[in-house]
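What follows is a short report on a single structure.
The values are calculated or read from the model by the stated rules, or taken from the named source; none is laboratory data. Note that the coordinates shown come from a computational prediction; the quantities given were computed from them, not determined experimentally. Note that we place each Cβ from the backbone using ideal geometry, even for glycine, and neighbour counts take in every protein chain shown. All accessible areas refer to the heavy atoms of the entire protein, side chains included, with ligands and DNA or RNA removed. Shrake-Rupley method; radii C 1.70, N 1.55, O 1.52, S 1.80 Å.
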Amino acid sequence: MVSVLGSTGSIGVSTLDVIARHPDRFGVYGLAANSSVDTMLEQCRIHKPVYAVMMRESAAQDLQSRLPDDCGTTVLQGEDVLARIVTDPGVDAVMAAIVGAAGLASTLAAAHAGKTVLLANKESLVMAGHLLMEAIHDSGALLLPIDSEHNAIFQCLPATEDARPLKGGVSKVLLTASGGPFRCWSLDQMRDASPDQACAHPNWSMGRKISVDSASLMNKGLEFIEACWIFQLAPKMVDIVVHPQSIIHSMVQYVDGSVLAQMGNPDMRTAIAFGLGWPERIASGVAPLDLIATAQLDFEAPDEARFPCLRLARESVAVGGTAMAVCNAANEIAVDAFLAEDIRFTEIPQVIEKTLEQVSVVEPNALSVVESADKEARRVARETVAGFSRAGRGA
Ligand code: NAD
Ligand code: MG
């Protein structure tokens, strides 16, 4: 039985699409989402989960009143009940696909409960990598990366039966990046970029937050941190390579000169099916890769001058402690402000940098420490955003 957290989002919908292709193999225990009642209602009709959780009270009431009786689904509300659809003994695997820091507590709960954690919510690792990896190790949970790059790296490394990747003979991990919609834009052009332009990713269809992260390359910065945690790598072992076609999802280079790449069409259902089926391969619905039609695979170096978010993520790793949680929280506030058209696209890294300068860093040895760093970073980032907003309006 699988619980899908963030079921109404891009990853959640793709997960349920793969699950629906294998009715004999998977059942849905719990679904959780913020407020999209129409999508949740449809998902309940099709998958008949034991529980459906809505964060917003009005959404839970609405869902309850519209749910047909034959679903047999119990509607619950609020963050506190998320733990139930994650830790109940009937649950084998949890798809952690809530967006942002909101996914941390439930991802950690799944790890502590020893479940198979299908990790899409990269922000939880960025914020609390040490705590999450420790919980996975201590409980014997399986961690299967769903982020396409990390899934590719996992596929290019041998793994033990309990999904622990082996790194013998690895010299580098090569994390590929599409470069996003602004790969060829100047800083001047990016200054006037609109939210819709930032969300128009050339290869992937994703939620708005990760789409903006992909445009700023903060997504690659977060993934750089994610790779260091999942594969227990020193930062110098991870190189970023811009590959505009998004056909190679990442690579592992070995000391003998071999480079193993995982390729496929840019469709998250491949990584999701890999995680759901592991260690077996199951059908995902993704079209086979047509190499002749692809014709060309290009590679270039990332440009940290035009995309300072990459540098900021690297610096956060170097500082260590709660710096990564601060970086993540400031980014979430900055992206929200950009999507609300309160700040410019090029002000996103400025908000993050100013926040990193002002919030002190401590050892993240407990969840409460990470949560207070996150809270303080959000407060400082909001102040910076307010300053930019006033300046933008000429006040
Ligand atoms: P999305 O915005 O499309 O969906 C987010 C989901 O989370 C929705 O179902 C929403 O209702 C739910 N949600 C939001 N806040 C919540 C809360 N407080 N409590 C419970 N549910 C809440 O996002 P997405 O693109 O599906 O991305 C989800 C996660 O997966 C992100 O962490 C993202 O970085 C990661 N990811 C996404 C992709 C992709 O292709 N979309 C690829 C790799 C990793
Ligand atoms: Mg990715």
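Could you list, in sequence order, the residues of the range 172-192 that are in a loop (DSSP other than H, G, I, E, B) and open to solvent by 60 Å² or more (accessible area, probe 1.4 Å)? Answer for the range 172-192, where residues must be in a loop (DSSP other than H, G, I, E, B) and open to solvent by 60 Å² or more (accessible area, probe 1.4 Å): Arg183, Cys184, Trp185, Asp192. Ala111 satisfies every condition listed in (1) of a type in the set (A, V, I, L, M, F, W, C); (2) more than 14 Å from ligand 1 (Cβ to nearest atom); (3) under 26 Å from Arg208 (Cβ atoms); (4) open to solvent by less than 30 Å² (accessible area, probe 1.4 Å) except (3). Would you confirm, using the coordinates I've provided, whether Lys209 is within 11 Å of ligand 1 (Cβ to nearest atom) and open to solvent by 10 Å² or more (accessible area, probe 1.4 Å)? For Lys209, the condition - within 11 Å of ligand 1 (Cβ to nearest atom) and open to solvent by 10 Å² or more (accessible area, probe 1.4 Å) - is met.
Beta carbons closer than 8 Å, at least 6 apart along the sequence or on distinct chains, pair a first residue in the range 145-169 that is modelled with pLDDT of 95 or more and of a type in the set (Ser, Thr, Tyr) with a second that is crowded, with 22+ Cβ neighbours inside 10 Å and in a loop (DSSP other than H, G, I, E, B) for Ser148/Met268. Here Met218, Met268, Met237 are screened, and the one residue that is more than 20 Å from the chain's Cα centre (by Cα), open to solvent by less than 60 Å² (accessible area, probe 1.4 Å) and at pLDDT 95 or above is Met237.
Out of all the residues in the range 144-158, is one or more outside any helix (DSSP H, G or I) and more than 16 Å from ligand 2 (Cβ to nearest atom)? Yes, the conditions are met somewhere in the range 144-158.
Annotation note: Cβ proximity below 9 Å between a residue of the range 205-219 that is closer than 14 Å to Glu347 by Cα and in contact (Cβ under 8 Å) with a residue 40 or more places away in the chain and a residue that is outside any loop (DSSP other than H, G, I, E, B) and among the basic types (Lys, Arg) (sequence gap 6+ or interchain) occurs for Asp213/Lys220.
Residue count for the range 17-36 under the criterion of being crowded, with 22+ Cβ neighbours inside 10 Å and free of Cβ contacts under 8 Å to residues at least 60 places away in the same chain: the result is 3. Filtering the range 48-59 to residues that are over 16 Å from Gly9 (Cα atoms) and open to solvent by 10 Å² or more (accessible area, probe 1.4 Å) leaves Lys48, Val50, Tyr51, Glu57, Ser58.
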